[in-house]
Every structure is written in C-alpha cells, then in structure tokens.
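The values are calculated or read from the model by the stated rules, or taken from the named source; none is laboratory data. In this text the structure is predicted, and so the values were computed from the model without any measurement. When we count neighbours, we look across all protein chains shown, and the Cβ atoms used for this are built from the backbone with ideal geometry, even at glycine.
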Amino acid sequence: MYSYVIQGSRQRLAVGKIIGLARTYRAHAEEMHAVVTEEPLLFLKPESAVIFSGQSIVIPRFSQCLHHEVELGVVIGKGGSAIPEPEARAHVLGYLVALDITARDIQAEAKKKGWPWAIAKGFDTFAPISDVVPAARIHDPMNLELSLLVNGQRRQHANTSLLLYSLDHIIAFISEIMTLREGDLIMTGTPEGVGELREGDVLDASLEGHCTLHVDVRKGP
C-alpha cells in the first residue's frame with residue numbers, strides 16, 4: 001500500500017485511484033498536435049505507479065521513449081459523487097506536484113491502431129509525487145507556478161491559471177462519472193515543454209515553493 005506524506009501531520013492516507021487529465025493546457029495540446037475538448041479527457045493510472053521523492057523512474061524494457069509531464073495534483077479528502085461545483089473545494093485535502101510519466105512510443109502506436117493506451121501510463125514508477133500541502137496553506141490553487149528542471153535545465157514552467165478547466169469543474173465533472181473517495185488523486189494535466197527522458201537524468205519539480213519532488217531515471221532489469 002502506498003501512503004501520502006502530509007506536511008505538518010503524522011497522518012498517513014492511502015493512495016487511491018489516480019485520475020489523469022489530458023489536454024488541459026492549450027499550448028501543450030498544440031505541441032502534441034491535438035485538439036482541445038469541451039470537457040476534460042480522463043484516463044486512469046494504477047496506484048502501483050506511485051513513487052516518492054528520492055526514488056527512481058525505471059525505464060521499462062517495452063519502451064524506448066519516456067516523456068516527462070509535470071502537473072498539479074489534487075488529493076481528495078472527502079469522498080462524494082455528483083459533487084456540485086460550489087462544494088468541490090470542500091472535498092480537497094491538499095495539493096502536490098506530480099510527474100505523469102508516459103511511454104510515448106507505446107502511446108503513439110496505440111493511438112495509431114485505435115487501442116487503449118493504459119499501458120503507456122501505467123508502468124511501475126510512472127507516477128512520482130511529492131508530499132501533500134494541506135489545502136488551507138494554498139490561497140489559490142488556480143494561481144500557482146509549476147516548474148520542472150531536468151539536469152538543472154528548465155524544461156517546463158507554467159501557471160495553473162492557464163488550465164482550461166477550473167478545479168471546481170474538474171472535481172464536479174469527474175464525480176459525476178465515478179465516485180471520488182478519500183485518498184484519490186487527480187492529476188490535472190501538463191503544460192507545454194514535455195520532452196524525452198534518458199538514463200541518468202535527474203528531475204526536480206516544484207509547486208511554487210510549497211512542495212518539491214526529486215527523482216532520477218534508471219534502466220530496468
């Protein structure tokens with residue numbers, strides 16, 4: 001079982017399902033030659049993909065091209081279904097910085113053939129996450145700087161104000177499809193600047209100084 005580390009607390013909360021969002025920043029959709037949709041596009045990642053700061057992203061033998069995607073993560077503290085938008089924030093425990101690692105070659109092949117691409121997102125170590133910042137410490141989650149350095153060089157940087165959907169709408173929309181439970185993690189999508197990772201790379205992600213994430217990349221067996 002994987003458990004969040006919550007800043008200022010000894011509480012340990014188990015990681016639940018991980019709900020990913022795609023194409024939530026216009027510039028990223030453009031760099032991927034993809035269209036923006038009226039409602040969020042969702043996919044799932046297994047909780048077994050989680051790793052924490054100080055651990056390693058493992059390149060699986062199935063893939064020759066991994067991409068990094070830095071994201072704001074929203075941890076659910078109070079479950080619910082069909083949550084009204086005005087009540088959405090009351091269901092949030094806190095926020096974190098996350099990396100959605102994608103086996104881009106596997107994803108591209110699956111898309112070309114019209115297959116599901118859960119494999120491209122679901123390998124072990126493909127969901128690095130930081131500790132959780134309690135919601136009360138974040139004045140406005142829709143105005144936070146996201147940043148990712150790879151080997152000390154900035155690869156991604158954006159403000160969450162550029163998200164195409166509000167957090168209230170994201171939470172409400174997801175909860176109409178699937179019940180949200182305590183410990184579920186919503187990964188809200190990545191801004192532009194995604195790029196390839198190689199063995200030995202060192203990644204440092206941050207959420208405006210509230211939390212940081214440090215991981216490296218190694219080859220699997």
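Here are a few things to note about the model shown:
- Matching residues in the range 131-146 - criterion: being among the acidic types (Asp, Glu) and either over 23 Å from PHE52 (Cβ atoms) or over 14 Å from the mean Cα position of the chain (by Cα) (or both): ASP140, GLU145
- Residue in the range 146-154 that is touching a residue at least 60 places away in the same chain (Cβ under 8 Å) and among the small types (Gly, Ala, Ser) present: yes
- Residue within the range 144-160 that is surrounded by fewer than 14 Cβ atoms within 10 Å (Cβ to Cβ), within 28 Å of GLY77 (Cα to Cα) and of a type in the set (A, V, I, L, M) present: no
- Every listed requirement among (1) under 17 Å from the mean Cα position of the chain (by Cα); (2) surrounded by fewer than 19 Cβ atoms within 10 Å (Cβ to Cβ); (3) aliphatic (A, V, I, L, M) is met by ILE177 save one, (1).
- Output for the range 163-183, where each listed residue is modelled with pLDDT under 95 and over 15 Å from GLY73 (Cα atoms): LEU164
- Unmet requirement for LEU42, which otherwise passes all of (1) within 17 Å of LEU185 (Cβ to Cβ); (2) surrounded by 22 or more Cβ atoms within 10 Å (Cβ to Cβ); (3) not β-branched (Val, Ile, Thr): (2)
- Residues of the range 100-131 that are under 18 Å from SER56 (Cβ atoms) and of a type in the set (Val, Ile, Thr): ILE101, THR102, THR125, ILE129.
- In the set GLY209, GLY200, only one residue is at positive phi, at pLDDT below 95, part of a loop (DSSP other than H, G, I, E, B) and not charged (D, E, K, R); that residue is GLY209.
- Here is the figure for the range 131-143: residues that are surrounded by fewer than 16 Cβ atoms within 10 Å (Cβ to Cβ) and not basic (Lys, Arg) total 5.
- A single entry from ALA82, ALA27 fulfils the requirement of being at pLDDT 95 or above, over 23 Å from VAL133 (Cα atoms) and surrounded by fewer than 17 Cβ atoms within 10 Å (Cβ to Cβ): ALA82.
- If you go through the range 180-203 and keep only what is over 23 Å from SER63 (Cβ atoms) and surrounded by fewer than 17 Cβ atoms within 10 Å (Cβ to Cβ), you end up with ARG181, GLU182.
- Positions within the range 103-130 being buried (at least 19 other Cβ atoms within 10 Å of the Cβ), over 11 Å from the mean Cα position of the chain (by Cα) and not in a helix (DSSP H, G or I), in sequence order: ALA103, PHE123, THR125
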